[in-house]
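Below is one structure, written out as structure tokens; the observations come after it.
The values are calculated or read from the model by the stated rules, or taken from the named source; none is laboratory data. Not measured: the values here are computed from a predicted model. Here the Cβ is made from the backbone with ideal geometry for all residues, glycine too, and neighbour counts use every protein chain on show. Quick note on the areas: whole protein, heavy atoms, side chains included, nothing else; ligands and nucleic acids left out. Shrake-Rupley method; radii C 1.70, N 1.55, O 1.52, S 1.80 Å.
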Amino acid sequence: MKFNKLFLTAIAGSLFLASCNSDDDSNAPLGSYDNGVLVLNEGGLGTVTYISDDMQTVQQDIFSAVNGADSDIGAYTQSIFFADNRAFIISNGSNKITVVNRYTFEKVGEITTSLTVPRYGVVYDGKAYVTNSNTFESSTDDFITVINLNTLAVETTIPVNNQAERLIEENGKLYVSGGFYGAGHVVTVINTSNNQIVTTIEVGEAPNSLEERDGMLYVLCGSWSGASKLVKIQLSNNQIAGEVTFPDTMGNAQNLDIDGGLAYFTVGPKIYKINVGATSVTDTAFIETGSDSDYIGYGFAVEDGRIYISEAAEDFTSDGKIFIYAENNGALLDEIPVGLGPNGFYFN
Amino acid sequence: MTARKLLFIGFLFLCQPLLAQQDSIALTEVVVGDVQLRKFSETQNVISLNDSVLRRNNSSLATLLQFNSPIYFKENGLGSGVASASFRGTTAQQTAVVWNGININSQVNGQTDFNTVAVSGYDAISVRSGGGSVIYGSSAIGGSVHLSSEPSFGNHFKNAFDANYGSFDTQRYRYKADIGSDKFGVNVIAYYNRSANDYDFPNSSRHNSNGQYYNSGINIASAYKVSNRDFIKYFGEVYDGERHFPLLTPTDTKTKYRDFNARNLVEWTNVGSKFTSRLKAAYLHENYQYFENLDSDAFGYATVETVIGKYDFAYTINPDVYVNAIVDYSSANGRGSDIDSRHRNIGSGTLLLRHKLSDKVNYEAGIRQEITNNYDSPLLYSAGIRYKPFSFYSVRINGSRNFRIPTFNDLYWSDGGNPDLKPESSYQAEIGNEFKFSGVKFSVTGYYMKIRDMIQWLPGTIASWHPVNVNRVESYGIEALLEAKRNFGRHEFVVNGTYAYTVSENEKTENQLIYVPYHKATASVAYGYRKFSANVQSLFNGEVFTRSDNNTRYNLDAYAVVNAGIGYDFGKSDVYRIGFQVNNALDSEYQTMERRPYPGRHYFVTLTLHI
């Protein structure tokens, strides 16, 4: 359900007309929160902000608006993943995944067992795989919870024996990044057919985000000290195919997002754009947000011609905001206040 | 827990033979540890909460002060989690808690958690508004709270036993023996408090889960008259408590916190015709354990042991001039799961002066310098003057420079601690008007305060969080206090009230600090007629911001809470009192932190034996 801006502008003016079309028109909104961006705010208690694709409608805390103030999506909501019409909102503070209809945001279920500080999830073959940090003291007790998407029952847990944060699925295998608050150094590969670890790949300090393109896994590593680098792993043999080390001035790079042939990432308040195949990187920012918050880039995404970046308030006791830029020329399109600690963008 | 209970019951039985041989009560001479509180507080506000107020509010120090002082508290619901004080718009680390003259704020985090101080343990609690760092050291910026034990000389043998039982399976027990002769006075208190604290949230399907707590302790205060000129005093206390931290949502990870604190203070006082010299030695032990997940036995901890040596020399030059010099040396050893073993020595010298210029005018002044290799310590000073043109009216002016030193966590936290921090420092001035006539005391004080180099933990480039001296705060406001006692025949009335108007702004953003209400007021009436007594106490708390940008969408609403109780004394020479108390009698819905509701109307029965 992705729409470009022009098309949206067109239907915004003829909403009545559109709604008169037949029900099976795939462009008709599937709920109040279709055709827009969901911004996850971690809280305190987590909230979700809806921003329509035309950026004209902004609604804070849509979950409470739909489900009542007595219901909540838990403390420190970390991320959202999707399975068909459902959105799974992960709360790491409340060990809970709230399942809602992604377009109406009506709550349809929740998962509260076998989760200990859950972080990120992916969906493959009728199952969800969710990483858990478990205790903060131990870096070897992290695990993955396997959830049956039909019953929402937990089927099993997979010990990772390394930090387990963001993950992607490719060809039935899970690639789990082990970067956690500046620590960790491996990507763990897990076979979903037997839930066994296939291998662990040493990538360097703090692999914090990862993307797959054309049989290649791209892992961005960046920590408080040392140079950042982009590591390429050949998925066919899980071998490192190369790496690009960034200049020292680009330490603690975060938020790798590949769109087409371009890889985007952030360093502090700056957004960078490189060719996926680049063999060297220079410190030339594509966009300078000008933000002086240390929490600029708390959330980041590139989607449908736009770059979204969020800024959490420095003291974390005020609402944050997001900046939206045009992907083609880096022009600032809008700046929108959202909730407390905005950490991710999701697209309906 | 069972062992602790048994110990307590055993202790009670031990006292039985003593109860039988009680003596006649003679006039007594009270011994205090905190002399400066009386001698050098003439130009500032001091609220003294006596035994009867303490016994009515024996749940926690946070509740007592919420209802009886201008201090604002926030906590995760009733008696749960950490209770943080905000005094005159300052942070929790800018209120000093002083135990018999010794500052006991945690070396680890710089504050006292007011839910870990049992009101039961003390004979008197006082609240002193405004700067006090010259006398009490770090953290006495917004003000200080003084916990006092007061043994007394003179032949007496008193026993008191209190038991409370109430809603949410809350139980409180306290035994106090107060024994004295011409030469010796001792006062022993043992207490045990516990609560399931699983109250229902008003108008919600939820309840306070994982809110249970218990704490127990023994406090001893004693004094021995070696000669007419020499006294030896000993104050000691042990506190052992465990609190579970209530959950924000039912599936949160359950956590709990254990505190173990032990404090010892020995003092030798030598009194001459013109001078008094006091030599003090104190040993303080603080330990916490934090269990981040109750499914596991793992915990984080920190322990600090502090040894303090203090020499205090007071000289009365003539009846109008009194000087007091204090030298103090403290050595703290800290270690913990996130702090390597660290050592910190601080020496200080203080000079205080009190001078009565005429029957109408007196002034006081003080200066203090600390020396330590851990940080640069500013010169602290204070001065105040009181002018009393009429017997019913006086005006007071006071100004001071105060500070809050960086804590072990701030300096030495393994991931991010900043050894280059400076102390937070504050300048303040106040002017107070006090009216006194036939049993009524009323004062209005305006103050202005600037605090700079406020330490805040921010995300950093070398670690995930890193403390820096970053903020500046400007606070000003009004504090009004009322105290009235009236008898109409055998009907006795005691009325107390406080009101605080507080503006406390971040200088950069010009926003009001979060969790600082503009308005807070308390009022209480105690009534006695022969053997019957009744009391009502109430609290009004204005709206507070919970967001630093003062976004009003998230404000906590203003609220008013009323507690009421009645009691009746049976018996003649011995007293058996039965009391009944209703808390939150109006069934108000309120919270001091976001989504942390307090209980609706709830009840207590109290039984007191004085033998």
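Observations, loosely collected:
- Number of positions in region B:268-297 that are open to solvent by 50 Å² or more (accessible area, probe 1.4 Å) and within 12 Å of chain A (Cβ to nearest Cβ): 4
- Qualifying residues in region B:409-457 (those that are of a type in the set (Asp, Glu) and crowded, with 19+ Cβ neighbours inside 10 Å) - the one farthest from the chain's Cα centre (by Cα): B:Asp453
- Every condition in (1) under 26 Å from B:Arg335 (Cβ atoms); (2) free of Cβ contacts under 8 Å to residues at least 60 places away in the same chain; (3) within 14 Å of another protein chain (Cβ to nearest Cβ) holds for B:Phe245 except the one numbered (2).
- The one condition in (1) within 14 Å of chain B (Cβ to nearest Cβ); (2) closer than 20 Å to A:Glu212 by Cα that A:Glu170 fails to fulfil: (1)
- Restricting region A:287-305 to residues that are open to solvent by 20 Å² or more (accessible area, probe 1.4 Å) and in a strand (DSSP E or B), the residue that is farthest from the other protein chains (Cβ to nearest Cβ): A:Glu303
- Residues that are under 19 Å from A:Ala87 (Cβ atoms), polar (S, T, N, Q), in contact (Cβ under 8 Å) with a residue 24 or more places away in the chain and open to solvent by 30 Å² or more (accessible area, probe 1.4 Å), drawn from region A:128-184: A:Asn150
- Comparison of A:Ser32, A:Ser71 shows that the only residue that is open to solvent by 20 Å² or more (accessible area, probe 1.4 Å) and within 14 Å of chain B (Cβ to nearest Cβ) is A:Ser71.
- Note on region A:193-213: residues that are within 20 Å of the chain's Cα centre (by Cα) and either open to solvent by 70 Å² or more (accessible area, probe 1.4 Å) or within 14 Å of chain B (Cβ to nearest Cβ) (or both) amount to 3.
- Residue within region B:524-545 that is within 14 Å of chain A (Cβ to nearest Cβ) and open to solvent by 20 Å² or more (accessible area, probe 1.4 Å) present: yes
- Residue within region A:105-116 that is in contact (Cβ under 8 Å) with a residue 24 or more places away in the chain, open to solvent by 10 Å² or more (accessible area, probe 1.4 Å), away from chain B (no Cβ under 14 Å) and part of a strand (DSSP E or B) present: no
- Residues of region B:226-239 that are closer than 13 Å to B:Thr116 by Cβ and open to solvent by 20 Å² or more (accessible area, probe 1.4 Å): B:Val238 alone.
- Within region B:361-396, being in contact with an Asp or Glu (Cβ under 7 Å, 6 or more places away or on another chain) and open to solvent by 70 Å² or more (accessible area, probe 1.4 Å) holds for no residue.
- Residues in region B:554-587 that are of a type in the set (Gly, Ala, Ser) and either in contact (Cβ under 8 Å) with a residue 40 or more places away in the chain or open to solvent by less than 90 Å² (accessible area, probe 1.4 Å) (or both): B:Ala558, B:Ala560, B:Ala564, B:Gly565, B:Gly567, B:Gly571, B:Gly579, B:Ala585.
So that you can scan it fast, the table gives a plain yes or no per residue for (1) over 30 Å from B:Tyr598 (Cα atoms); (2) surrounded by 22 or more Cβ atoms within 10 Å (Cβ to Cβ); (3) free of Cβ contacts under 8 Å to residues at least 12 places away in the same chain:
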site	(1), (2), (3)
B:Val30	yes, no, no
B:Gly33	yes, yes, no
B:Arg38	yes, no, yes
B:Ser48	no, no, no
B:Leu54	no, no, no
B:Leu61	no, yes, no
B:Gln66	no, yes, no
B:Ile71	no, yes, no
B:Leu78	no, yes, no
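- Of residues in region B:248-259 being of a type in the set (Lys, Arg) and away from chain A (no Cβ under 14 Å), the one most open to solvent (accessible area, probe 1.4 Å): B:Arg258
- Checked against (1) in a loop (DSSP other than H, G, I, E, B); (2) more than 14 Å from chain A (Cβ to nearest Cβ); (3) surrounded by fewer than 16 Cβ atoms within 10 Å (Cβ to Cβ), B:Pro517 passes all but condition (3).
- Among residues of region A:315-328 that are away from chain B (no Cβ under 14 Å) and without any contact (Cβ under 8 Å) to a residue 60 or more places away in the chain, none has a beta-carbon under 6 Å from a residue that is buried (at least 21 other Cβ atoms within 10 Å of the Cβ) and among the acidic types (Asp, Glu) at least six positions away or on a different chain.
- Whichever residue in region B:123-152 is assigned to a loop (DSSP other than H, G, I, E, B) and touching a helix residue (DSSP H, G or I) at 6+ places or on another chain (Cβ under 7 Å) and, among such residues, is surrounded by the fewest Cβ atoms within 10 Å (Cβ to Cβ): B:Asp123
- Region A:253-273, residues that are without any contact (Cβ under 8 Å) to a residue 40 or more places away in the chain and at positive phi: A:Gly260, A:Gly268
- Inside region A:247-281, residues that are touching a Gly at 6+ places or on another chain (Cβ under 8 Å), within 20 Å of A:Gly182 (Cβ to Cβ) and away from every other protein chain (no Cβ under 14 Å) make up a count of 2.
- Check on B:Tyr224, away from chain A (no Cβ under 14 Å), under 21 Å from the mean Cα position of the chain (by Cα) and of a type outside the set (Asp, Glu): no
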